[in-house]
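Everything below concerns the one structure shown next.
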Amino acid sequence: MGYNEETVNIAVGMALNDHRPIREIARLLHVGRAAIGRWVKRTLEGLPTHFSSAPKQVHNRTGENILKRIRRLLEEGAGTIKAWFESGMRICLRTVQRWKSKWFPPVKEKMESHRYERRKVFSLMHTDWGVKRINGGQRCCFTFYEDDASRRLYATKAYARADSDNTTDALVSARSEADFGAVLSDRGKVYQNAFRGLCRSNGIKSLHTHPYPPKTFKEAEKQMSSDIAHSKNKGRLGLMAAPIEGGFTLWFHHGGGIMHVGDFKTAA
């Protein structure tokens, strides 16, 4: 707690000039007894009652000759403990360790990037399944392939079911339209086994997104639905479908506007 200069002078004057007890001064001025005792002690010693709270700069006090000897030993291949021992142990071991990390910082190995985004066209495709209710509640499934670089859609098709056979059929259609090198999907069952084998036989690298922990799966699904619903307001990518006779029409929302993908009839 800070006190102004006037309060400090009054407290010191009452203690030194009036010879009042510190307990009485503390009760009258509503100041702690420890603070009054500290002010009186500093005044008697000829010191200021308040010191600056700014941190003091600590200079290196290790001699240059010792530092040169330690660095030479480290450059010759000596370890930290050996350099400390052969330098006469005139400084603490922690000082040698700090100087070693400063003189010879560890070299960081270049790690291979695992980012899903690609800038080159047809280097990565995103695929997923969507479900819409049309014609009085009839369930219709559709799948699509989206290029990561250009954000264009390929092989958008509608099916009655989102099963493994229809997933592989959509992959064949997408490959006939675009020669892509990798495809990114979630970890659903339809993207396992047969799908991965077909990708491998066609020279396509199959990538999967990171799985959500079981505790956060519901929260992740809720957040995903919210992102799609508010894609127009937030400027995010999204697919929107509207029912028509015997199928639905699909719209693709992106940063540049809304693009009509086409009309799709439900498969038998």
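Structure notes:
- Out of Thr62, Thr49, sole residue that is in contact with a Phe, Trp or Tyr (Cβ under 6 Å, 6 or more places away or on another chain) and at pLDDT below 90: Thr49
- Hits in region 154-189 (condition: part of a helix (DSSP H, G or I), of a type outside the set (S, T, N, Q) and over 30 Å from the mean Cα position of the chain (by Cα)): Asp165, Asp169, Ala170, Leu171, Val172, Ala174, Arg175, Glu177
- Those residues of region 123-180 which are touching a Gly at 6+ places or on another chain (Cβ under 8 Å) and among the polar types (S, T, N, Q), in sequence order: Ser123, Asn135, Thr143, Thr156
- Within region 132-153, considering residues that are in a loop (DSSP other than H, G, I, E, B) and under 30 Å from the mean Cα position of the chain (by Cα), the one surrounded by the most Cβ atoms within 10 Å (Cβ to Cβ): Asp148
Each row is one residue, and each column tells you yes or no for (1) under 30 Å from Glu177 (Cα atoms); (2) outside any helix (DSSP H, G or I); (3) in the same structural domain as Phe195 (by TED's automatic domain parsing); (4) modelled with pLDDT under 85.
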position: Ala78; (1), (2), (3), (4): no, yes, no, no
position: Ile81; (1), (2), (3), (4): no, no, no, no
position: Ile91; (1), (2), (3), (4): no, yes, no, yes
position: Thr95; (1), (2), (3), (4): no, no, no, no
position: Trp99; (1), (2), (3), (4): no, no, no, no
position: Lys108; (1), (2), (3), (4): no, yes, no, yes
position: Arg118; (1), (2), (3), (4): yes, yes, no, yes
position: Gly130; (1), (2), (3), (4): yes, yes, yes, yes
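- Residue count for region 144-168 under the criterion of being touching a Leu at 6+ places or on another chain (Cβ under 9 Å) and over 13 Å from Tyr191 (Cβ atoms): the result is 10.
The values are calculated or read from the model by the stated rules, or taken from the named source; none is laboratory data. Note that the coordinates shown come from a computational prediction; the quantities given were computed from them, not determined experimentally. No Cβ is skipped: glycine too gets one built from the backbone with ideal geometry, and neighbour counts run over all protein chains shown.
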